[in-house]
Amino acid sequence: RIEAATGWNAIHLFRRHKTVLESLSNALKIQPDRLVDRVEELQDQLKRAVKDKEELQKSRVFSNTRSLLDQAETIAGVDIVTSRLDLPVGAGMKELRSMMDDLRSQMQNGIIFLAAENEGKVMLLLFVSPDLHERFTAPELIKEVAAEVGGSGGGRPDLAQAGGSRPEGVDQALKKIKELIASKV
């Protein structure tokens, strides 16, 4: 779409654009002909800062992976890791899944159940190793556990996720998963 201005309208438009350019030049302390380069530099800096922030969050989340595995319990012959995580502000299911992947790579057999809260919402992630699928599947367990936080969920036999709106039910959900495993001896 092409727009044109003629006469006095063209002069007013030119003056407005010149004012905007001068304001930007002053704000960025640079000559108007270098504005495009400076904006590109700032965009690159912002991208790097966002990436650095994500890496920092990821490292904070993963720093307690080893301690979680050290806290593994055995219930009815099944190794289980359960944890209520305090995720950094802005972290979500993506970070929770990354942590689960890290835990799964270190714990081949058993069940891992992670619960986290973010801005009043609950996120649950459950892994059941394939050797246990005759007794449990992740979707079957997550549906019962998610009810404790006012939510529901589903997934594959080895990995399921759920969400909920009642953070006050997380402790009960952690207790419930252990009860479910103990009841299916």
Percent relative contact order of the chain, based on C-alpha pairs within less than 8 angstrom and at least six residues apart? 15 percent
To the nearest 10 square angstrom, how much accessible area does residue 15 have with a 1.4 angstrom probe? 140 Å²
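List the GluC sites (Glu not before Pro) within region 108-178 that fall in a DSSP loop (any state other than H, G, I, E or B) and whose Cβ has at most 13 other Cβ atoms within 10 Å. Don't skip to the answer; put the middle values down first.
Values: sites: 117, 119, 134, 140, 144, 148, 168; in loops: 119, 134.
Loop-located and lightly packed - 119, 134.
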From the phi of every residue in region 114-131, what ³J(HN,Hα) in whole Hz does the Karplus formula 6.51 cos²θ - 1.76 cosθ + 1.60 yield, where θ is phi - 60° and glycine or proline is x? 10, 10, 8, 10, 8, 6, x, 10, 9, 10, 10, 9, 9, 10, 10, 5, x, 5
Over the Cα atoms of the chain the radius of gyration and the largest Cα-Cα distance (Dmax), both in Å, equal 26.0, 87
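Please give the calculated 222 nm ellipticity per residue for the chain, where each DSSP H segment of at least 4 residues contributes -39500 (n - 2.57) and the sum is spread over every residue; nearest 500 deg cm²/dmol? Provide the component values of the computation, followed by the final result.
Values: 6 runs with 93 residues, N = 185.
Mean residue ellipticity, 222 nm, calculated: -16500 deg cm²/dmol.
If packing is taken as the mean number of other Cβ atoms within 10 Å per residue, what is the order of 27-36, 94-103, highest first?
Details: 27-36: 11.1, 94-103: 17.8.
The densest-packed peptide leads the list: 94-103, 27-36.
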Can you work out the FRET efficiency for the pair residue 168 and residue 46, with r the C-beta to C-beta distance and R0 = 35 Å, to the nearest 0.05? 0.40
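The values are calculated or read from the model by the stated rules, or taken from the named source; none is laboratory data. These figures come from a predicted structure and were not determined experimentally. Virtual Cβ from ideal backbone geometry, glycine too; neighbours counted across all protein chains shown. Heavy atoms of the whole protein, side chains included, go into the accessibility calculation; ligands, DNA and RNA do not. Shrake-Rupley method; radii C 1.70, N 1.55, O 1.52, S 1.80 Å.
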